[in-house]
Amino acid sequence: MQTNLYKSVFIIACFIYFGCSAFGQQEAMNTQYMFNSLVYNPAYAGTKDAISTAAIYRQQWVNFEGAPRTISAYVHGPFREKVGLGLSIQSDKLGVHDWLNIRGNYSYKFYVSPRSKVSLGLSTSLSVQQSNYTSVSTYTNDNTFSENQNQLLPNFGFGAFYYSNW
């Protein structure tokens, strides 16, 4: 009986501890993977033999206030025989939060057989996050919503991509 009490107290303490120290991330919802691969993988930069561009607009729950909206645009192409470069810009809005992400991509390609290649890529990005908390109506004096927040967040990434000309 006493063991069950200790077990219950331990589980509740873990929920309180991890619930207070957890931080979540909000990633942009991307669709149309086949048209938007550079957003996911920096190794995709320059894998086509020409300059490629794309722009994608996605809005969810139309006519609802604060509904998610994502706009993505990118350009990439071969720079030299084995090097590819790319640039992508993504704007994401959800409720009172706005993100602007600018990402540069570099890839290096090498042959693994006469018709297939492996591309290894690096990316670096800078995200600007703006949270307009003062626009939220509250019934009490909650200090969380008393001022807006702006953050500048760097990010680095790595990717690998195998492809062939079959």
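Any residue that is among the β-branched types (Val, Ile, Thr) and open to solvent by 70 Å² or more (accessible area, probe 1.4 Å) - is there at least one of those in region 114-123?
No, region 114-123 has no match at all.
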TODO: Scan region 124-166 for residues that are under 23 Å from VAL83 (Cβ atoms), open to solvent by 80 Å² or more (accessible area, probe 1.4 Å) and of a type in the set (Ser, Thr, Tyr) and jot them down.
DONE: TYR162
- [ ] Just one of (1) open to solvent by 40 Å² or more (accessible area, probe 1.4 Å); (2) without any contact (Cβ under 8 Å) to a residue 24 or more places away in the chain trips up GLY104, so point out which.
- [x] (1)
Open item on the list: For a quick check of your reading of the model, give me the residue pairs whose first member lies in region 72-101 and is in contact (Cβ under 8 Å) with a residue 40 or more places away in the chain and under 17 Å from ILE56 (Cα atoms), whose second is open to solvent by 30 Å² or more (accessible area, probe 1.4 Å) and charged (D, E, K, R), with beta-carbon atoms closer than 7 Å and at least 6 apart or on different chains.
Closed with: SER88/ARG103
Task: Out of LEU100, LEU87, LEU122, LEU126, sole residue that is in contact with a helix residue (DSSP H, G or I) (Cβ under 8 Å, 6 or more places away or on another chain) and assigned to a strand (DSSP E or B) - done: LEU122
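The values are calculated or read from the model by the stated rules, or taken from the named source; none is laboratory data. Quick caveat: nothing in here was measured; it's all calculated off a predicted structure. Note that we place each Cβ from the backbone using ideal geometry, even for glycine, and neighbour counts take in every protein chain shown. Only protein heavy atoms, including side chains, enter the accessible area calculation; ligands, DNA and RNA are left aside. Shrake-Rupley method; radii C 1.70, N 1.55, O 1.52, S 1.80 Å.
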